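So the structure is just underneath, and the comments pick up after that.
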Amino acid sequence: MKKKNASPLLLLLLIPLVCAALALALLRPKGDPAQVLQAQLDTLSAPVDPSLTGRGTEPSAPALAGIEAEIAEAYDRCLRFEARSPFSQKLRSASGTVARTVLDAELLARGLSDEMQTALSDRASAAKRSAELYTPDGAVLTELCETLYSDAMRARLAHAEDYCRTDEFPVTMTFEGGEWKADLAALLPEPIPSKPGFEASCTALTPVNLHYTLPPTGPGPVPNPACYGETTDPQEIVKLLESPTARRLINGQKLDFDPARDMLGRPVRWYLDETILALVWQQDEHGAIGTFAEVFIADASQLRRKIADDEFGSYQYYFPHEFAEQTNAVLACSGDFYNSGRSDYGLYVYDGELMRCCVTAGQSCLFTDQGDMLFTYENQFASEDEARRFVKENNVKFSLTFGPVLIDDGRDVTPEDYPFGEVREGYARCAVGQLGERHYLMMTLNREWPDHDVLVVLRKAADSMIAHGCINAYTLDGGQTGSILLGGELINPVQFGTEREMSDIFYFATALTE
């Protein structure tokens, strides 16, 4: 039997396989999908915030317009995509992961208000008046807030990489029309806000008190005449006290001034600028005319001492209004008449130095560099050196030495007797008290001439200072010496009807320079 030829049958069987192989070879996707994807990713750029084009929005202020452009540039610079290998490929599809690095708006803005607050504090240290930083109602100026924001944001953008985050996204690619394709729209982040955190950072800013410290010596700045006023309508004073300027100085403290009191038909006088509030009024007090001056100051350096010719021990004397003129005093009060022969009583401190000292007699009132009143008493110190250490340790600026002490840290310590000041006799009284932080009350008790002989004993003067809320109070030289002046004008009646020349005053100055 003749054997059949198997070649045609084998060929018929191989043809489909060869065709299939050729088809697979022709149809198999070319190129590494990960590499192709990376090339496509490299062409992507950051989306543009429509607000940066200016279409349909109000133009930004100059300080913000610059930083908006810098933020957009940093956003574009930081945006990166990376196709992570390996990619899983099945015929004409492939899947893998893309890492996207983007400038994080939330991270970029987080804590920005703290940096802005620090910058605001620095500006407050250098500013001379609040109008440079704040609106009349105490808010940070819009222009300043924009500048603070731009400066703080610019500092962060200098190392924008610290504010980036990286996220991973799954990506599927298909091979169509001879190339690998992927939908990359989902990988694009949302446009970064043009001013990340601006509103929140500005809202979080807390106004910082300016540093109004005056030089330790020399007169104060000249007061603004427009800041003085007077009225017989107490409600006008209430309105004044509700102003933002007054509220900042009062700082939540309780006022002694009460519009319900009988002001004897006399005007209430005042001075108010952003560094000092002084109110002066008169009322019946124990049958005498009580003249009261309530003062708030922004800085303790505004409470000052003036002695004749600025020379301790000088025997030159001036009228109180002359002292007030020499010092540019907003409000002045007669002092202790230190150079009238009482050098053997108490401590005498001037410009931070103990000038005279008697540790066995006399009670003194010391004013610290924080504006607080301290008192020293007879036999409190064993030696002058001990007294000198006390002065240094407590940063005492100056003293008033007359006395006695009336109220010490809320305690009534008024003595029944004292070496001078006619404690038990009717006398024209003068006293100074502290009501709170940089908050003071001066008082004189007098009668109009010729009824100056109808006066009060010291006990009643102490009762007045207690009733008016003083936590510390001290007796000053009364009689014809006791004087309260506002703007250089003597307000209270004085014994014998005329001012008396004296050796010293203490006074309150504005801290606003011209």
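The values are calculated or read from the model by the stated rules, or taken from the named source; none is laboratory data. The model shown is predicted, which means the values in this text are computed figures rather than measured ones. Cβ atoms come from the backbone with ideal geometry, glycine included; neighbour counts cover every protein chain shown.
Restricting attention to segment 250-265 and to residues that are modelled with pLDDT of 95 or more and out of contact with any helix residue (DSSP H, G or I) (no Cβ under 9 Å at 6 or more places or on another chain), the residue that is surrounded by the fewest Cβ atoms within 10 Å (Cβ to Cβ) turns out to be Gly252. Within segment 464-489, the set of residues being over 22 Å from Val268 (Cβ atoms) and surrounded by fewer than 22 Cβ atoms within 10 Å (Cβ to Cβ) comprises Ile466, Ile471, Gly479, Gln480. Of the helices (runs of 4 or more DSSP H) entirely within segment 1-85, those holding at least 1 residues that are within 38 Å of the chain's Cα centre (by Cα), among the aliphatic types (A, V, I, L, M) and at pLDDT below 90 occupy 62-78. Just one of the listed residues (Tyr507, Tyr427) is among the aromatic types (Phe, Trp, Tyr) and modelled with pLDDT of 95 or more, and it is Tyr507.
State yes or no: is Phe169 in contact with a Pro (Cβ under 9 Å, 6 or more places away or on another chain) and at pLDDT 90 or above? I'd like the intermediate steps shown before the answer.
Details: in contact with a Pro (Cβ under 9 Å, 6 or more places away or on another chain): no; at pLDDT 90 or above: yes.
Judged against the criteria, Phe169 is not a match.
Might you check whether a residue that is in a loop (DSSP other than H, G, I, E, B) and either in the same structural domain as Ser85 (by TED's automatic domain parsing) or out of contact with any Gly (no Cβ under 7 Å at 6 or more places or on another chain) (or both) occurs anywhere in segment 160-176? No, that holds for no residue.
Contact map, segment 126-153: first residue assigned by TED's automatic domain parsing to the domain that holds Asp273, second residue at pLDDT 95 or above and assigned to a loop (DSSP other than H, G, I, E, B), Cβ cut-off under 8 Å, separation 6 or more or different chains; the map is empty. Return yes when Gly96 is in contact with a helix residue (DSSP H, G or I) (Cβ under 8 Å, 6 or more places away or on another chain), farther than 26 Å from Tyr163 by Cα and modelled with pLDDT of 90 or more and no when it is not. The answer is yes for Gly96. Residue count for segment 339-384 satisfying the condition of being more than 21 Å from Asp412 (Cα to Cα) and either charged (D, E, K, R) or not in a loop (DSSP other than H, G, I, E, B) (or both): 16.
Considering only segment 492-506, I want to know if a residue exists there that is charged (D, E, K, R), touching a residue at least 40 places away in the same chain (Cβ under 8 Å) and surrounded by 22 or more Cβ atoms within 10 Å (Cβ to Cβ). Within segment 492-506, one or more residues are charged (D, E, K, R), touching a residue at least 40 places away in the same chain (Cβ under 8 Å) and surrounded by 22 or more Cβ atoms within 10 Å (Cβ to Cβ).
Considering each residue of segment 313-338, count those that are under 23 Å from Thr498 (Cβ atoms) and either out of contact with any Gly (no Cβ under 7 Å at 6 or more places or on another chain) or part of a loop (DSSP other than H, G, I, E, B) (or both), and give that number. Lay out the reasoning, then the answer.
First, pick out the residues of segment 313-338 that are under 23 Å from Thr498 (Cβ atoms): 314-327, 329, 331-338.
Right, trim to either out of contact with any Gly (no Cβ under 7 Å at 6 or more places or on another chain) or part of a loop (DSSP other than H, G, I, E, B) (or both) and you get 314-320, 322-323, 326, 329, 331-333, 335-338.
Here the count works out to 18.
Note on segment 83-98: among residues that are hydrophobic (A, V, I, L, M, F, W, C) and either free of Cβ contacts under 8 Å to residues at least 40 places away in the same chain or surrounded by 15 or more Cβ atoms within 10 Å (Cβ to Cβ) (or both), the one that is nearest to Ala182 (Cα to Cα) is Ala94. Residues of segment 158-181 that are closer than 29 Å to Leu91 by Cβ and of a type in the set (Gly, Ala, Ser): Gly177, Gly178.
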